Amino acid sequence: MNQNSLPIARVRELLAEGSRQQILVLGDIMLDWFIWGRVDRISPEAPVPVVEFQHENFMPGGAANVARNLAVLKNPVSMVAPIGRDSYGQKLKSLLESERVNCRGLFAQSKRPTSIKTRIVAHQQQVVRVDREEREAIDDATVKRILGVVEKQITRTAAIILGDYGKGGVTQPLLDGLKKICHQHGVWISLDPKPVHKVDISGLSLITPNRKEAFELAGVEDGRKGVHPLEDKGLMLVARTLQRKLKPALMLITLGDQGMLLCHPGEKPFHVPTTAQEVFDVSGAGDTVIASFTLAIAAGASPVEAAIFSNHAAGVVVGKVGTATCTSKELLASFQRDH
């Protein structure tokens, strides 16, 4: 066994304990609509491909995909968020319920339609994406309602994950309220940050930026790439800057084909190389990372164990097309390959 793996018995232990720890997921939820087809000709009306429709499918997206990732790992996950009072909101809710996500914390609003991302895909290549969404920040009444639901459930909650996709579902009043509740009850809070969204994200338990987001958050230009992460001076500077500026208990910087970097105050950064066999699609991999890392922590893993656990989950997901998930069985199989 190498140092970037875990004993199979430990993985089973974490999955078993993770199935007993409730996690709440909040933030921007959306519906992913995939239209699949084939292209045989260019349109006579404009220089664009004509996609001949074959089939379509819908998947939970954004923070809803984080919840879906937890549900397939048998976690009793609950979603707390507004959805549109429309057919797409109902579709999203029924998809989540079919995947065993507790949706009692979802509430419909007529003033805010459900966010939908429609992707047209031909021959495994995305041709175009159409977004229908309302990006305005949720109002104070909505924040109050979300915090009320969280307060009712906080004593039986092990962790909270915030999915910020820049759609207005994560605001400063919401963040401030959550920090206060979580600090009072000693509850873990994870966030996948969006640098374009200017909110104070300091003092959280975990932030999981990718390389691009980390450099943007630190206000540093990313110059040198390709070197080993631990020898990458720019990346090390960014890690130190963000730890000083945002003071997260833990920071996990995802680095694509270079794996991930775990940053823990007072300790040297720990690099976990990728376990991906083949990379087909990285969409949704960040959702898998934050979901599986938080699940492992809630189950009693050390930060290094949680990083290795989530790295294996992400390695499974990038080998699939579309916003995918990693089941307990697939995760165990991934660790089995190391033994």
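The values are calculated or read from the model by the stated rules, or taken from the named source; none is laboratory data. Just so it is clear, the structure is predicted and the values come from calculations on it, not from any experiment. Here the Cβ is made from the backbone with ideal geometry for all residues, glycine too, and neighbour counts use every protein chain on show.
Observations, loosely collected:
- Within the stretch 61-72, residues that are within 13 Å of GLY18 (Cα to Cα) sit with their Cβ atoms under 8 Å from residues that are among the charged types (D, E, K, R) and in a helix (DSSP H, G or I), at 6+ positions apart or across chains, in these pairs: ASN69/ASP287.
- Among the residues of the stretch 260-272, not a single one is charged (D, E, K, R) and modelled with pLDDT of 95 or more.
- Residues within the stretch 238-258 that are part of a loop (DSSP other than H, G, I, E, B) and within 16 Å of the chain's Cα centre (by Cα), tallied: 1
- Flag for SER310 being within 19 Å of PRO273 (Cβ to Cβ), surrounded by 24 or more Cβ atoms within 10 Å (Cβ to Cβ) and either out of contact with any His (no Cβ under 6 Å at 6 or more places or on another chain) or of a type in the set (A, V, I, L, M, F, W, C) (or both): yes
- Enumeration of residues in the stretch 217-235 that are among the hydrophobic types (A, V, I, L, M, F, W, C) and either at pLDDT 95 or above or under 19 Å from PRO193 (Cα atoms) (or both): LEU217, ALA218, VAL220, LEU235
- The number of residues in the stretch 111-131 that are closer than 15 Å to GLY89 by Cβ and of a type in the set (Val, Ile, Thr) comes to 2.
- Residue in the stretch 181-211 that is surrounded by the fewest Cβ atoms within 10 Å (Cβ to Cβ), counting only those that are out of contact with any Leu (no Cβ under 8 Å at 6 or more places or on another chain) and of a type in the set (D, E, K, R): LYS198
- The residues of the stretch 288-307 that are more than 14 Å from PRO209 (Cα to Cα) and in a helix (DSSP H, G or I), listed by number, are SER292, THR294, LEU295, ALA296, ILE297, ALA298, PRO303, VAL304, GLU305, ALA306.
- Here the stretch 275-293 is the region considered, the condition is being more than 10 Å from the chain's Cα centre (by Cα) and of a type in the set (Val, Ile, Thr), and the residue that is modelled with the highest pLDDT is THR275.
- Some residue of the stretch 196-209 being touching a Gly at 6+ places or on another chain (Cβ under 8 Å) and charged (D, E, K, R): no
- Checking each residue of the stretch 86-103 against the condition of being closer than 19 Å to LEU31 by Cβ, modelled with pLDDT under 95 and basic (Lys, Arg) gives no match.
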